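The values are calculated or read from the model by the stated rules, or taken from the named source; none is laboratory data. Remember, predicted model here, so these are calculated numbers, not experimental data. Neighbour counts run over all protein chains shown; Cβ positions are idealised from the backbone, glycine included.
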Amino acid sequence: MKTIASCVQEIIMSSPFLEEGLSRQIINFSALAKDLNQPISEMLRKPVKDGAIMMALRRQQNPLNLDNSIRLKKVFKNLGDITVRSNLSDFTFQNSNTLINSHTQVLEKMSSNHQIFYAFTRGMFESNIIISTSEKGSILNAFKNETQIGLQDKLCAISIYLPKGNSKIAGLYYQIFKRLAWEKITLYEVVSTTNEFTLVVEDYLVDKAFSVIKRLKD
């Protein structure tokens, strides 16, 4: 059976900005209660009082899962180095039977230069390559017989080294994405391995994005 508290929890969990605002204690409970009165009344199919909604909102200040919240804070406190790489280009190609051959040519060149940033992601219908812009000519040559779908220059990558065991923490990536969204930072690409997480953003957003990631440790 639905209650006012469960309705409030459902709304907050589906609204990252509300959850963030409540955790920062920057939202006026009285104004929010009035705003939520109609949707909660509709969910319960009966009129509710603003005061009851306010009480439910105050309870939501506490973490919904205290144990997981503590683990999240521990992971963020133990984040490893944060590395920024600039002057990157992102290529998108349509998947084909010959795409892997083109990719092999690039890998052979990459093996002799470990200073080049390189990330490859293959989806069901298309593949992405993020690489140092200095190698743009090499990519265009190696993939000249492939169907290029997109190209974006002036990108930066922010790589975060995560503590071991991070894959067992629920909501880890959600918390990162939520804070970036709160600051209106759009992500161009996301690449991850077991203990490394890389965000790709346009040049003009890199300083702001780096600041948000750095504050995760606070």
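A few notes on this one:
- For region 197-218, taking the residues that are surrounded by 14 or more Cβ atoms within 10 Å (Cβ to Cβ) and within 18 Å of G80 (Cβ to Cβ), the one that is modelled with the lowest pLDDT is identified as L216.
- Count of residues meeting criterion [under 20 Å from K184 (Cβ atoms), surrounded by 12 or more Cβ atoms within 10 Å (Cβ to Cβ) and not charged (D, E, K, R)] in region 18-35: 5
- Residues of region 154-176 satisfying the condition of being under 19 Å from G80 (Cβ atoms) and of a type in the set (F, W, Y): Y161, Y173
- Region 1-17, subset over 24 Å from the mean Cα position of the chain (by Cα) and not hydroxyl-bearing (S, T, Y), residue surrounded by the most Cβ atoms within 10 Å (Cβ to Cβ): V8
- Subset tally (residues that are without any contact (Cβ under 8 Å) to a residue 24 or more places away in the chain and among the charged types (D, E, K, R)) for region 193-218: 2
Yes/no per residue for (1) in contact with a Ser or Thr (Cβ under 8 Å, 6 or more places away or on another chain); (2) without any contact (Cβ under 8 Å) to a residue 40 or more places away in the chain:
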| site | (1), (2) |
| --- | --- |
| S132 | yes, no |
| Q148 | yes, no |
| K164 | no, yes |
| Q175 | no, no |
| A181 | no, no |
| V191 | yes, no |
